[in-house]
Amino acid sequence: MASSFSCCSPKYLFTLFLVFSMCFQNAKNCNAFQTFDFEIHHRFSDQVKAIMGSDNLPEIGSLEYYAAMAHRDKVFHGRALSENDDDSKLLTLSHGADASYIDSLGPLHYANISLGTPSLSFFVALDTGTKLLWVPCIHNDMKREEISLNTYSVSSSSTSKVVTCNSRLCERECSKSSRECSYKVEYNAYISSFGVLVEDVLRLKTDNHKPKDIDARIAFGCGQVQTGFYWDGMARNGLFGLGIGSTSVPSILSREGLVADSFSICFGNDRVGRISFGDKGSSDQQQTPFNPMQQSPRYKISVTQLSVGGNLSNKLNVTAIFYSGAEFTQLSDPAYTALCDSFNSQIDNQYSADPKIDFEYCYDVSVISTDIPNVTFIMNGGGHFNVYYPMVPISTDGTVTAYCLGVMKSSGGNFVGNNFMIGHNIVFDREKMVLGWKASNCTDRIVDSRNDKFPPIPAASPAPTPTINVQPPAVNDGAASPPITNVQPPSVNDGAASPPPPTMNVQPPSINGGTPRNSSNSNKAPQFSVGKPRNLYLVASSLLVLFFPILQIL
C-alpha cells in the first residue's frame with residue numbers, strides 16, 4: 001500500500017496536483033492578488049475646485065449648498081432609477097440657467113488616472129451607475145480650466161488599438177460600413193458621450209510593502225461626441241463607470257488575473273477618500289447579497305427593517321441602491337416615514353425647517369446636548385449597517401444655526417447616499433455578488449470609538465486658484481493619503497451582527513474643522529488589506545510541498 005503511493009507514483013503526483021490547485025484557488029478566493037488604490041476627491045474639495053474651478057459654488061453647509069445639492073441629487077437620480085440604458089425612462093433636465101447650474105455641480109467624486117504610452121493624466125468623474133470608462137478624444141476649446149486637461153489620441157499612444165466589431169468586448173451591433181466597435185453612454189437627451197472603444201494601458205500602482213507600477217491593458221471609450229456636462233460641465237475630462245458589466249475596468253482587471261473582481265470605496269469626512277480595486281474586505285465585515293441585476297449595472301440591496309434608538313420598525317423589505325452619485329440619502333415610503341417619525345419622536349429640540357431645503361426634520365443647535373438616536377439599516381441576511389452621520393449641520397457665515405436629519409423624501413426609489421456611507425469601507429464584491437461594509441476612517445486603519453454624529457463644518461475655502469497650465473499630479477504616485485483629523489472614527493465592533501448600541505451623548509465638532517471631542521483612539525487594530533504577503537506565503541508553501549519530492553528524485 002505504501003509503495004503504491006510513493007513520491008514517484010502517478011497517484012502521489014496527481015494528489016499533489018490537486019492540493020496545489022486547491023491552494024491556488026483558495027489563495028485566489030482569499031485575495032492573494034495585489035490591490036490597486038486611487039485617491040478620490042469630492043466636488044467641493046480644494047483639489048477638484050483647483051482643477052475644475054469654483055465659480056458660483058455655494059458655501060459648504062449653507063442653505064444654498066443643501067438646496068443646490070438636493071436638487072442636483074434629484075436630477076441625477078433619474079439615471080439611477082432606470083433599469084437599463086433606455087433614455088426614454090430617464091429624468092430630463094430643464095433648459096436654461098437651472099440646467100447650467102446643475103452642470104456646474106456635476107458628479108460628486110473624481111480620480112486622476114493615467115492612460116496610454118506615453119501616459120497622459122485624466123481627471124475623471126466616478127459613477128457606480130454606469131459600467132464604462134471613457135475619456136475625451138476631441139479637444140474642447142470652449143472651456144477653460146484652472147489646470148489644462150488632456151485629450152486622448154489613438155495615434156499618439158504606441159500601445160493603443162481600436163476594438164473591432166468581432167471582439168468579445170464589443171457589446172453594440174456594428175454597422176456594415178464600419179469594423180470599429182462604437183459605444184454610447186447617455187444620462188438623458190441632453191447628456192451623452194459617443195465614440196469608439198479602444199484598448200490601451202492603464203497605469204496602476206500595487207498596494208503592498210514594495211509598490212511598483214503595472215501597466216494593465218483595458219478597454220475604454222474614446223469620446224468623439226459629448227453633450228451636456230460631458231462636454232462643457234464637470235465630467236468633461238471623462239467618466240469612470242464602476243457598475244457591473246463585462247467592459248467595466250474591475251471586470252477586465254479580474255479577467256487579466258491582476259485582481260479579484262471586487263473593489264471598495266471609502267469616503268473620508270475631509271472630502272478625500274479612496275477606491276481600491278481587488279479589495280474584498282475582511283472576513284469579519286458585514287454583508288448583504290445584491291438583488292438580481294437584470295440589465296442594470298447598479299448595486300441594489302434589500303433593507304428588511306430599520307432600528308432607530310433601539311426601536312425596531314415593522315418589516316419593510318424595500319429595495320435600495322448604494323449610489324456614489326448621491327450626496328444625500330433619499331427614501332420613499334414606508335421607509336422614509338418609519339425612519340423620520342421614530343427619529344423625530346425621540347428628540348425634543350425641533351426647529352422649523354427652511355423651505356429652501358428638502359430636509360423635513362430639523363433641530364435647534366441645543367440638540368448637541370441630547371442623546372441622538374442611533375440609526376441602523378437591517379439588511380437582507382441580517383447585517384446591520386450603522387449610520388454614523390445621520391445629521392447635517394446648517395450654517396450661516398461659518399456658524400452652525402441648526403441640524404437636520406440628512407434624509408430626503410423620494411417619490412420613487414431609495415438611495416443610500418454619501419452622507420450615510422461616511423465611516424465605512426464599502427465593498428462591492430462582484431464575485432460573490434454581495435455588498436460588504438466595515439467601520440473605517442479611510443486611512444487603512446480600523447478604529448475603535450464612535451462618539452460624534454455631527455459632521456464638521458469645513459473651514460471657508462480660500463480664494464479661487466489662479467489659472468495655471470500644468471499637468472495634474474498623478475493620483476497613483478505612491479503618496480499616502482492625508483490623515484483624517486476631523487472625523488471621529490466608527491466603532492470597530494460595527495461588524496458584529498448585534499442590536500444597535502445604546503444612544504450616547506455627543507458633542508459637535510469645532511466649526512473650523514478641528515478634531516471633535518472624545519477623539520482618543522486606543523488599541524487601534526490595523527485594517528485587513530487584501531493582497532498582503534501573508535496570503536502569498538500560502539502559495540509559496542504549496543509550491544514547496546509540490547516540488548520537494550521532484551527535487552528528491554533529481
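The values are calculated or read from the model by the stated rules, or taken from the named source; none is laboratory data. Source: prediction; values computed, not measured. Cβ atoms come from the backbone with ideal geometry, glycine included; neighbour counts cover every protein chain shown.
Numerical summary
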| read-out | value |
| --- | --- |
| Residue 340, sole failed condition from (1) in contact with a Ser or Thr (Cβ under 7 Å, 6 or more places away or on another chain); (2) modelled with pLDDT of 95 or more | (1) |
| Within the stretch 282-318, tally of residues that are among the small types (Gly, Ala, Ser) and either surrounded by fewer than 16 Cβ atoms within 10 Å (Cβ to Cβ) or in a strand (DSSP E or B) (or both) | 4 |
| Residues located in the stretch 431-461, provided they are surrounded by 23 or more Cβ atoms within 10 Å (Cβ to Cβ), at pLDDT 70 or above and part of a loop (DSSP other than H, G, I, E, B) | 440, 441, 442 |
| Condition check for residue 236: of a type in the set (Lys, Arg), under 14 Å from the mean Cα position of the chain (by Cα) and surrounded by 17 or more Cβ atoms within 10 Å (Cβ to Cβ) | no |
| Check on residue 24, aromatic (Phe, Trp, Tyr), surrounded by fewer than 21 Cβ atoms within 10 Å (Cβ to Cβ) and either modelled with pLDDT under 50 or under 28 Å from residue 184 (Cβ atoms) (or both) | yes |
| Selected residue (criterion: modelled with the lowest pLDDT) from residues of the stretch 278-334 that are aliphatic (A, V, I, L, M) and over 16 Å from the mean Cα position of the chain (by Cα) | 293 |
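Listed here are the residues, each with its yes/no results for (1) surrounded by fewer than 22 Cβ atoms within 10 Å (Cβ to Cβ); (2) at pLDDT 90 or above; (3) part of a loop (DSSP other than H, G, I, E, B).
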residue	(1), (2), (3)
104	yes, no, no
131	no, no, yes
139	yes, no, yes
154	yes, yes, yes
157	yes, yes, yes
